[in-house]
Amino acid sequence: IDELNLQRKRADAANQAKADFLAHMSHEIRTPINAILGMDEIILRESTDTEITNYASEIQTAGTSLLAIINDILDFSKIESGKTEIIPVEYDTASLFHDLITLTKLRAEKKHLDFQIKISPNIPSRLLGDEIRIKQVITNFLSNGVKYTHEGTVTMTADVETGPNNSVSLIVKVNDTGIGIRKEDIPKLFSSFERLETNQAIKPPTTSGAFKYIGINIP
């Protein structure tokens, strides 16, 4: 029993050290990124050159997404300690999709892929939900779609289903003409640090991700 207690204390100490390290590093990384975003905000506010402001807008989107990734690192520690929370906020759906499209479009263009967007006009302009988690999930689907598609198309489809009490289900699907997943590899999807085979042949469009989130419609 004493040996088990000693091992538990060592494991707790190691986990605490990891959490402290992640918290410290994320803080150190945030500082220069916030400085960049601050200077970029000045460019957006004072520049009258359309091309420059477009570039600055893309920098702002990428920088904001980078900050979100840093927050994701901290989330791992929160998940392990059982402290992860869903935080509902009122968010603009057009802004959400703009950020997702801007980042994915740049990645797709570098690989000469056709990035198609099909967003239903029925989606409310404002919803109440955890915007950060929603963006994390959809970004992951889109990133994987572009990463594992060597030629062809990546398509994002978004729609809603009306629910009770003014709620709606936001449904987002990502299809691509990438390598796909072999049937025997499907169980690996939920295994940590497992890498799937990446040298399979191009196949017809497949769904690389599907996401459904219930939110509240803001009139």
*Taking the Cα-to-Cβ direction at residue 153 and at residue 4 and moving 7 Å from each Cα, how far apart do the two end points lie in nm?*
5.9
*May I ask you to derive the FRET efficiency for residue 46 and residue 12 from their Cβ-Cβ distance with R0 = 41 Å, giving the value to the nearest 0.05?*
0.20
*How far apart, in nm, are the 7 Å Cα→Cβ label points at residue 22 and residue 95?*
2.7
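Provide 148, 55, 91 ordered by accessible surface of protein heavy atoms (probe 1.4 Å), highest first. The partial results should precede the final answer.
Values: 148 65, 55 125, 91 5 Å².
Descending order: 55, 148, 91.
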*How big is the gap, in Å, between the Cα center of the stretch 142-156 and the Cα center of the stretch 93-131?*
14
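The values are calculated or read from the model by the stated rules, or taken from the named source; none is laboratory data. What you see is a predicted model, and the numbers here were worked out from it, not measured in a lab. Cβ atoms come from the backbone with ideal geometry, glycine included; neighbour counts cover every protein chain shown. Surface areas here come from the heavy atoms of the whole protein model, side chains and all, with no ligands, DNA or RNA. Shrake-Rupley method; radii C 1.70, N 1.55, O 1.52, S 1.80 Å.
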